[in-house]
Amino acid sequence: EKGTYPHYMLKEIDEQPLVIRNIISKYQDENGEVTLDDEIRHAMNAADRIYIIAAGTSYHAGLVGKQLIETIAKKPVETHIASEFLYNMPLISNNPLFIFISQSGETADSRGVLVNVKKLGHPALTITNVPGSTLSREADFTLHTVAGPEIAVASTKAYTAQMAVLALLAVDTAKAQGIAVEFDAIKELSIVATVMEALCDQKEALEKVARDYLSTTRNCFFIGRASDYYVGLEGALKLKEISYIQAEGFAGGELKHGTIALIEEGTPVIALATQEHVNLSIRGNVKEVAARGANPCIISLEGLNSENDQFIIPKVHDYLTPLVAVIPLQLIAYYASLHRGCDVDKPRNLAKSVTVE
Ligand code: F6R
């Protein structure tokens, strides 16, 4: 039930700190070490390449998951859109492991790939919020994201939960391979939960951003580099699906290859700056769009911020910035939808679980 909340989406955004804490308690042992499942660890170890398959928001979590697994566990990963993989299958390695990410566990596009993968005899792991779901039953292994029921069509807490579980999977895989892991995932995720709480307390400031930038615009662009690019894709998806504003996420460096032609006087451009190694270059991109009339809104991480940034996120570990950077984007999308009189929880033309290909 949504209780005193006006919408499920707002309730589910606010639940994210609790969800992260639930994931920590589920996946740590009595010594406070990350522990998943021996069979999953074995399958991750045996794989020469990981193929992540998902749709929509879960695909965006998969993009971050690729980075986490490659960086922490040094294993090559490819992330694919399920519906594309179905008809345009890449060359598969000798010992692949397929990971399906799905909130509902019922997405037909992902299931289509799973059926093919099982025919080929490859192992599959499903990361889902619904353990009894089709994708969970038909895969060899399941990791539960323990986010609780997600009712709003726009996915929020399921996405951050997926990324948290992927971070733990990366750490577990690295340890099993004897790779020294400096990153204390349990500690860093609890910092993430605390920062999420602080961000959820910033609703007024984020409502103001939505009002100032998005009340009447017909389009909005999100730019970022590295993981900020992936979070920008997710921010754009949230905004388009519930406010019907044409929103797109772009890699900062790609602007000059075409997209910058779309910038007009007053076009809102939401720029993410949470990664030190790309901080200067993304700020360069902000200057480029501003010089062409854009109305930039910079969301940055504390320590990388400049004085005039519109919103500053408290610091978290570099690997985990997507889990916190998305929160302001979820809230901005929520308020944009609200201000524009849209149906926040049940946007037009969309279903919560897409069981047709
Ligand atoms: C966006 C959204 C969709 C789903 C997509 C996959 O807010 O909810 O893009 O992420 O339909 O659904 P699952 O994760 O259930 O496979």
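The values are calculated or read from the model by the stated rules, or taken from the named source; none is laboratory data. Nothing here was measured: the structure is a model prediction, and the numbers come from that model. Neighbour counts run over all protein chains shown; Cβ positions are idealised from the backbone, glycine included. These accessible areas exclude ligands, DNA and RNA; they are computed on the full protein's heavy atoms, side chains included. Shrake-Rupley method; radii C 1.70, N 1.55, O 1.52, S 1.80 Å.
Averaged per residue, the stretch 1-150 has 42 square angstrom of accessible surface, using a 1.4 angstrom probe with ligands and nucleic acids left out. Note on the chain: Kirkwood hydrodynamic radius from all Cα pairs is 20.5 Å, rounded to one decimal.
Note that the stretch 268-316, at 37 °C in a medium of 0.692 mPa s, gets a Stokes-Einstein diffusion coefficient of 305 µm²/s from its Kirkwood radius over C-alpha pairs. Extension gain for Glu70-Ser215 works out to 48.2 nm (0.36 nm per residue, less the C-alpha to C-alpha distance).
Phi-derived couplings, Karplus 6.51 cos²θ - 1.76 cosθ + 1.60 at θ = phi - 60°, listed residue by residue for the stretch 285-301: 5, 4, 4, 4, 6, 5, 5, 9, x, 5, 10, x, 10, 9, 10, 10, 8 Hz, with x used for Gly and Pro. Taking the C-alpha atoms only, the angle from helix 203-214 to the longest principal axis of the chain is near 70 degrees. Its residues counted as N, the stretch 225-356 yields a C-alpha radius of gyration over 2.2 N^0.38 Å of 1.08. Close amide H pairs (under 5 Å, H built 1.01 Å from N) link Phe250 with Phe222, Ile223, Gly224, residues at least 5 positions away or on another chain. Dipole orientation for the chain: of the candidates Val19, Val344, His257, His257 has the Cα lying most toward the positive pole (charges on Cβ; Lys, Arg +1; Asp, Glu -1). Here the scattering of the stretch 283-357 is modelled by Debye summation over its C-alpha atoms, one equal scatterer each and no solvent; at q = 0.19 Å⁻¹ the log10 of I(q)/I(0) is -0.96. Comparing mean-square fluctuations of Ala46, Ala158, Ala247 from a GNM of the chain with C-alpha springs under 10 Å, the top value falls on Ala46. Diffusion coefficient of the stretch 13-157 by Stokes-Einstein, Kirkwood radius over Cα pairs, 4 °C, 1.567 mPa s: 83 µm²/s. Most tightly packed first, judged by the mean number of other beta-carbon atoms within 10 Å of their residues, the peptides 98-108, 292-302 read 98-108, 292-302. Using alpha-carbon positions, what is the distance between the centroids of the stretch 294-357 and the stretch 14-73, in Å? Here the answer is 22 Å between Cα centres.
Excluding Ala290 itself, calculate the net charge of residues whose Cβ lies under 12 Å from the Cβ of Ala290, where each Lys or Arg counts +1 and each Asp or Glu counts -1. Each step should come with its number before you reach the end.
Details: positive: Arg283, Lys287, Arg292; negative: Glu265, Glu288.
With Lys, Arg at +1 and Asp, Glu at -1, the net is +1.
At 1.4 Å probe size, with the rest of the protein present, what percent of the exposed accessible area of the stretch 207-273 is carbon and sulfur atoms?
Numbers: 1240 of 2520 Å².
Carbon with sulfur: 49 percent of the solvent-accessible area.
Within the accessible surface of the stretch 81-162, defined with a 1.4 Å probe on protein heavy atoms only, the carbon and sulfur portion equals 54 percent.
Per DSSP helix of 4 or more residues, -39500 (n - 2.57); summed, then divided by the residues of the chain. What does that give at 222 nm, rounded to the nearest 500?
Numbers: 13 runs with 165 residues, N = 357.
The per-residue figure over the chain is -14500 deg cm²/dmol.
Considering every pair of different Cα atoms, what Kirkwood radius, in Å, is found for the stretch 1-98? Intermediate results must be reported in sequence, preceding the final value.
Details: mean 1/r = 0.0622 Å⁻¹.
Averaging 1/r across every pair of different Cα atoms and inverting gives 16.1 Å.
Applying the Karplus relation 6.51 cos²θ - 1.76 cosθ + 1.60 with θ = phi - 60° to the stretch 61-69 yields 3J(HN,Hα) values of 5, x, 5, 5, x, 4, 4, 5, 5 Hz, where x marks Gly and Pro. With the simple model of a label 7 Å out from the Cα in the direction of the Cβ, Ser281 to Asp29 spans 4.0 nm.
Only bridges whose two residues both fall in the chain count here: according to DSSP, what percent of them are antiparallel, nearest 5?
Working: 1 of 38 bridges.
Of the beta bridges lying entirely in the chain, close to 5 percent run antiparallel.
Please report, largest first and rounded to whole Å, the three semi-axes of the ellipsoid equivalent to the stretch 42-120, where each semi-axis is the square root of five times an eigenvalue of the C-alpha gyration tensor. Mind dumping the intermediate values first?
Working: eigenvalues 71, 47, 23 Å².
The equivalent ellipsoid of the stretch 42-120 has semi-axes of 19, 15, 11 Å.
In sequence order, the stretch 306-323 has phi-based couplings of 10, 4, 8, 4, 6, 8, 10, 9, x, 5, 9, 4, 3, 5, 10, 4, x, 5 Hz under the Karplus curve 6.51 cos²θ - 1.76 cosθ + 1.60, θ = phi - 60°, and Gly or Pro positions carry x.
So what is the accessible area of the stretch 265-348 per residue, in Å², with the probe set to 1.4 Å?
Working: 3330 Å² over 84 residues.
Per-residue accessible area for the stretch 265-348 comes out at 40 Å².
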